[in-house]
Amino acid sequence: MRALRFQIVDPGLFSLKRAARAAIALPAIFAFADTVIQNQQTTFLAAIGSVAILVLTDFGGRPRTRFVAYLALAAAGAVLITLGTLCSQTPWLAVVAMAVVGFVVLLAGVINGYFAAARSPALLLFTFPVSLAAPPSAIPARLEGWALAASVGIAAVMLLWPSQPRDKLRAGIARATRALGDLLDAELSGDSAAIAEHAEAANAAVGELRRGFVATPYRATGPTGSTEALAFLVDELDWMLTFAAPGQGGIESGPGLCREENREVMAAAVAVLRASAGILDGEHRQPDLERLDRSREAVARTLAHRVLDATAPGDEVDLPAALEPSFRMRQLSFAARQVALNAQRASGASDRRWGSRESAGRLRAGLQATARLLVAHASRGSASFRNALRGAAGVSLAVFIGEVASLQHSFWVVLATLSVLRSNALGTGSTILQALAGTAAGIVVGGALVAAIGTDEAVLWAMLPPAVLLGAYAPRAISFAAGQAGFTIVLLVLFNLIQPTGWTVGLVRVEDVAVGFAVSLAVGVLFWPRGVSDLLRQGLGEAYARGADYLAASARHLVGATRVGNVETAQQVARAAANRLDEALRQYLSESPSQRADLDSASRLVAGATRLRLAAYSISMSPASAREARLDRRAADALVADVDGLRSWYQSLAGALANRTELPEPPPRHEHRQEVARWAGRAVAAGDESMVDPALGMLWAGQQLDNLRELGGQLLEPSAELTGGSARRAAGRPQPTPARDPSNVEVAA
C-alpha cells in the first residue's frame, strides 16, 4: 500500500538524532511532572509542550539565532496558553478566539522561515487550552507545565546533538555562484571547450538551485536581513546566467574600443564571485568591490574617449554596435556587485553590532519591510492569505463541533483538522487517506501492545521512549502515514499512563480523528475548490503587470519624467507581486503530479517575470548624471514611447495569463531606439563630453528594452501551454489592458 512506505530517507542521520533527543527528554519531562508535581493540568501541558518543542519545532541557523528563536517561541507560548485558558469556558468566545489566533499565526508564516516553522507548535499551544475548558485558576499550573517543557526542551535542543544539516539553500547558492565565476574565467582563457563545459555546469547549478528553492513547502526566506539576501541571490544568479555565457557581446567581439578594460571588468567579476561563494561557505573573505567599481568606471571613461577620438566632427557613430560588449560587462559588474553585497548580508556579519545606530536603523527598516509584506499578502490573490483563512475556518469549526458534540477529547478533533488541512479538496482527500491508514495501523499495533500490557505502569513507562522515537522519526524519514501511526502509539501510551483505560482510548481517537477529517474536507471543498492553477496564473499576470510598471517608472526616472519616490513605490509593489507568485508556485508544486503537467512552462514564466523585474532594477541603478543632464527632448520622448509600448505588451500578456484570453502577437521592434541612437551619436560626435554619460545610460536602457522584447517572444509558447490552448493570437494588434501611469503608481499601491 503506497500510503505506508518504509523507505528510510535520512542523510546524515539528523532526523534520527532529533528523534532520539525527543525520546530521551520528553519521557523525562513527563515523568517529573507526573510523579513529582502531580498536577493533571501541569502534566498535560508538560507533555504537549514537550511535543511542541522537541517534535514539531526545528529552527535552523547559527546557534545564537536558534536560541533566540526558541526563547521567542517560549514567550509566545505562555501568552497563547494564557489567552486560550481565559477563552475556554465560553464556547462562542473559544470559537472566535480560535479563528482569530489561527488566522494570525498561519498568515505570519509569510514573514520568514522561523515564523513558518513556529506555526504548528504555536497553534498546538493555543488549541489545547482553548479546547479543554478550565477556570483562570488553572493558568499557573498550565504555565508551570509549559515552563518545564520549554526550559528542559530548549536545553536539550541546544546541548544534545545540536548540529544541524547543512543549509542546502546556502550551499546551492555558493555552488551556483562559483560555477558562474568559473564560466567567466573560462571565457577569459579563450578555450572554447572549457567555455562549453563550464556553461553546461553553470546551467545545471543555477537550475538545481532554482528547483530546490521553489520545491520547499514554504518560502525559506523573509523580507529582511540575511533571509531577504538569500531570496535575492537566487533571483540574481538566475538572471546573471542569461548574459554570463558569451554571445554576440562576447569579450573578443565588436570593434574592440576597450577590449583590455572589458577583460579587467570580467577578471574583477570572477574574483568577486569566487570570494562571494567562499563567504557563503563560511570562509572569512572580503570581495574586492573597489577593483570591480574601478574597472567598470574605467570602461565607461575609456569608451567615451575612444569613441570621441574615433569620430570626426559632424559624423555619427554606430554606438549600439560599439557598446554591445561593454554593455554586457556593465551588466556583469553590477550583478557581481549585488551578489557580493547580498552574500555578505546572508552571512549575517552586518547584523552583529547590536545597539549601534546602524542596528537601530536596520531594525526600523526590517519592521517596515515586514509590515509591507503582511499588507501585500492581505488579499485574495495571496496563497498564504487563502490558506490562513481556510485554516482558521477549519480549526474554529472543529472547536465549535467539539463544544457542541461534547466529544471526550475535543482537542484531538482540532489537531486532526490541522494535520490534514491542505490547499484544496484533492490535497485534503489524499492526506485523509494517508492519515486514516497511519492511524489505523497505530491503533492496531498500539492497541495490541496496550491490551497485552494492561495497566502495568512499569511496562508502559518502558514503552514510552521507543514510542516517542518512532513518532518523532517516522514523519521525517519514512512518511506522513507512518508518522500518524507513531503519534497514535505515543498518544495511547501517554493517556494510559495519565488515566489507565486500555485499548478504549483508541476508539475515542478514531472518533475524534474522523470528525477532524470531515471538518477539514468540508473546509477544503467550500474554499476555492478549483485548486491553485488559477492562482498561479493570476500570480503570473500580476507579477508581469507590476514588473512592467516598475520598468516604465525606472525608464521615466532616467529621463527625468518622474520622481525617485515613484520608482521606489513601483519597486515595492513589484516585489510584493513577486513574493505572491513565489508562494503560488510552491502551492502549485504541492499538488499531485497530474496537476503539475505544465511545470516546465510555469517555471519558464516565473523566471521571465524575475528577468523583467531585475531589468527594471538595473535601469533604476543608472548613474545620476544620466538623469541630471539636459537631454534631447525627442530622444527622451522616444525612450519613453519605447518603454510604454513594451509595458503595454507585457500587461496584455498579463491579462491573457490571468484570464485565459488570447495571447498577444510577439512584441514588435520599435523605431524609437533609433532616435535615441542618432541623438547619442550626434552628441558624441559633437565632442560634448558632458553628454557622454547620459548617452551611454539611455543606450544601455534601450539595450535592456531590446532584451525584454526578445524575452517576450520566448514567453508566448509556455504561456499558451499553461493557459491550456495552442499558440492563440489576437487577430490584429493587441488591445492592451489600460496601463497605470508610473507617475501615479503610489495610488495603485
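Being touching a residue at least 60 places away in the same chain (Cβ under 8 Å) and either crowded, with 22+ Cβ neighbours inside 10 Å or more than 29 Å from the chain's Cα centre (by Cα) (or both) is the filter here, so list the residues in the range 171-181 that pass it. I'd like the intermediate steps shown before the answer.
Residues of the range 171-181 that are touching a residue at least 60 places away in the same chain (Cβ under 8 Å), as a first pass: 171, 173-178, 180-181.
Passing the criteria: I173, A174, A176, T177, L180, G181.
Looking only at the range 704-749, which residues are at pLDDT 80 or above, under 13 Å from L551 (Cα atoms) and not charged (D, E, K, R)?
Passing the criteria: Q704, L705, N707, L708.
Given the conditions (1) more than 24 Å from G109 (Cβ to Cβ); (2) not assigned by TED's automatic domain parsing to the domain that holds F232, and given that W146 satisfies all but one, which numbered condition is not satisfied?
Single failed check for W146: (1).
Just give me the residues in the range 59-88 being crowded, with 18+ Cβ neighbours inside 10 Å, closer than 30 Å to L470 by Cβ and either touching a Lys or Arg at 6+ places or on another chain (Cβ under 8 Å) or of a type in the set (D, E, K, R) (or both), in sequence order.
F59, R66, I81
Identify, from the list R285, R296, the residue that is basic (K, R), part of a helix (DSSP H, G or I) and at pLDDT 70 or above.
Details: R285 fails: part of a helix (DSSP H, G or I).
Only one candidate qualifies: R296.
I want to confirm something. Restricting to the range 158-183 and keeping residues that are assigned to a loop (DSSP other than H, G, I, E, B) and over 25 Å from V214 (Cβ atoms), which single residue is modelled with the lowest pLDDT? Give the steps one after another, and end with the answer.
Filtering the range 158-183 for residues assigned to a loop (DSSP other than H, G, I, E, B) gives 160-167.
Add one more test, that the residue is over 25 Å from V214 (Cβ atoms), and what stays is 160-163.
Numbers: L160: 88, W161: 84, P162: 80, S163: 70.
The extreme case among them is S163.
Within the range 89-115, how many residues turn out to be surrounded by 15 or more Cβ atoms within 10 Å (Cβ to Cβ) and outside any helix (DSSP H, G or I)?
2
Looking at A155, A186, A204, A194, which one is surrounded by 15 or more Cβ atoms within 10 Å (Cβ to Cβ), at pLDDT 90 or above and out of contact with any strand residue (DSSP E or B) (no Cβ under 6 Å at 6 or more places or on another chain)? Let's see the steps before the verdict.
Numbers: A155 fails: surrounded by 15 or more Cβ atoms within 10 Å (Cβ to Cβ); A204 fails: surrounded by 15 or more Cβ atoms within 10 Å (Cβ to Cβ); A194 fails: at pLDDT 90 or above.
Among A155, A186, A204, A194, only A186 is surrounded by 15 or more Cβ atoms within 10 Å (Cβ to Cβ), at pLDDT 90 or above and out of contact with any strand residue (DSSP E or B) (no Cβ under 6 Å at 6 or more places or on another chain).
Only one of (1) surrounded by 24 or more Cβ atoms within 10 Å (Cβ to Cβ); (2) at pLDDT below 80; (3) not aliphatic (A, V, I, L, M) is not met by E591, so which one is it?
(1)
How many residues does the range 118-134 contain that are charged (D, E, K, R) and either surrounded by fewer than 20 Cβ atoms within 10 Å (Cβ to Cβ) or outside any helix (DSSP H, G or I) (or both)? Can you show your working first?
Taking the range 118-134 as the starting set, the residues that turn out to be charged (D, E, K, R) are 119.
Next, from what is left, pick out any that are either surrounded by fewer than 20 Cβ atoms within 10 Å (Cβ to Cβ) or outside any helix (DSSP H, G or I) (or both): none.
Number of matching residues: 0.
What is the residue count in the range 635-660 for residues that are modelled with pLDDT under 90, out of contact with any helix residue (DSSP H, G or I) (no Cβ under 6 Å at 6 or more places or on another chain) and among the charged types (D, E, K, R)?
Residues in the range 635-660 being modelled with pLDDT under 90, out of contact with any helix residue (DSSP H, G or I) (no Cβ under 6 Å at 6 or more places or on another chain) and among the charged types (D, E, K, R): 2 in total.
Residues checked against (1) modelled with pLDDT of 90 or more; (2) of a type outside the set (V, I, T); (3) assigned by TED's automatic domain parsing to the domain that holds L71:
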| residue | (1), (2), (3) |
| --- | --- |
| A3 | no, yes, no |
| K17 | no, yes, yes |
| A23 | yes, yes, yes |
| P27 | yes, yes, yes |
| T35 | no, no, yes |
| Q40 | no, yes, yes |
| L45 | yes, yes, yes |
| V55 | no, no, yes |
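Being charged (D, E, K, R) and in contact with a Pro (Cβ under 8 Å, 6 or more places away or on another chain) is the filter here, so list the residues in the range 531-565 that pass it. Before you say what the answer is, go through the steps one by one.
First, pick out the residues of the range 531-565 that are charged (D, E, K, R): 534, 537, 542, 546, 549, 556, 563.
Within the range 531-565, D549, R556 meet the criteria.
Which number in (1) in contact with a helix residue (DSSP H, G or I) (Cβ under 7 Å, 6 or more places away or on another chain); (2) under 23 Å from F487 (Cα atoms) marks the one condition that A76 misses?
That leaves (2) as the condition not met.
Residue-by-condition table, conditions (1) at pLDDT below 80; (2) in contact with a His (Cβ under 7 Å, 6 or more places away or on another chain); (3) under 24 Å from Y588 (Cα atoms); (4) buried (at least 21 other Cβ atoms within 10 Å of the Cβ):
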{"residue": "A383", "(1), (2), (3), (4)": "yes, no, yes, yes"}
{"residue": "L389", "(1), (2), (3), (4)": "no, no, yes, no"}
{"residue": "A392", "(1), (2), (3), (4)": "no, no, yes, yes"}
{"residue": "V395", "(1), (2), (3), (4)": "no, no, yes, yes"}
{"residue": "I401", "(1), (2), (3), (4)": "no, no, no, no"}
{"residue": "A405", "(1), (2), (3), (4)": "yes, no, no, no"}
{"residue": "H409", "(1), (2), (3), (4)": "yes, no, no, no"}
{"residue": "S423", "(1), (2), (3), (4)": "yes, no, yes, yes"}
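Out of all the residues in the range 135-145, which are crowded, with 21+ Cβ neighbours inside 10 Å and among the charged types (D, E, K, R)?
Scanning the range 135-145 gives a single hit, R142.
Could you count how many residues in the range 207-230 are surrounded by fewer than 16 Cβ atoms within 10 Å (Cβ to Cβ) and either at pLDDT below 55 or part of a helix (DSSP H, G or I) (or both)?
The initial filter retains those residues of the range 207-230 that are surrounded by fewer than 16 Cβ atoms within 10 Å (Cβ to Cβ), namely 207-208, 211, 215-217.
Subsequent filtering for residues that are either at pLDDT below 55 or part of a helix (DSSP H, G or I) (or both) retains 207-208, 211, 215.
Counting residues in the range 207-230 that are surrounded by fewer than 16 Cβ atoms within 10 Å (Cβ to Cβ) and either at pLDDT below 55 or part of a helix (DSSP H, G or I) (or both) gives 4.
Looking only at the range 240-248, decide whether some residue is under 21 Å from the mean Cα position of the chain (by Cα) and either surrounded by 23 or more Cβ atoms within 10 Å (Cβ to Cβ) or at pLDDT 80 or above (or both). If you could, list the steps in order and put the result at the bottom.
Step one: of the range 240-248, the residues under 21 Å from the mean Cα position of the chain (by Cα) are 240-241.
Those left that are additionally either surrounded by 23 or more Cβ atoms within 10 Å (Cβ to Cβ) or at pLDDT 80 or above (or both): 240-241.
Looking for residues that are under 21 Å from the mean Cα position of the chain (by Cα) and either surrounded by 23 or more Cβ atoms within 10 Å (Cβ to Cβ) or at pLDDT 80 or above (or both), one finds at least one in the range 240-248, hence yes.
Would you say A545 is at pLDDT 70 or above, buried (at least 24 other Cβ atoms within 10 Å of the Cβ), more than 27 Å from the chain's Cα centre (by Cα) and assigned to a helix (DSSP H, G or I)?
Values: at pLDDT 70 or above: yes; buried (at least 24 other Cβ atoms within 10 Å of the Cβ): yes; more than 27 Å from the chain's Cα centre (by Cα): no; assigned to a helix (DSSP H, G or I): yes.
Spelling it out, it is not the case that A545 is at pLDDT 70 or above, buried (at least 24 other Cβ atoms within 10 Å of the Cβ), more than 27 Å from the chain's Cα centre (by Cα) and assigned to a helix (DSSP H, G or I).
The values are calculated or read from the model by the stated rules, or taken from the named source; none is laboratory data. Nothing here was measured: the structure is a model prediction, and the numbers come from that model. We place every Cβ from the backbone using ideal geometry, glycine too, and count neighbours over all the protein chains shown.
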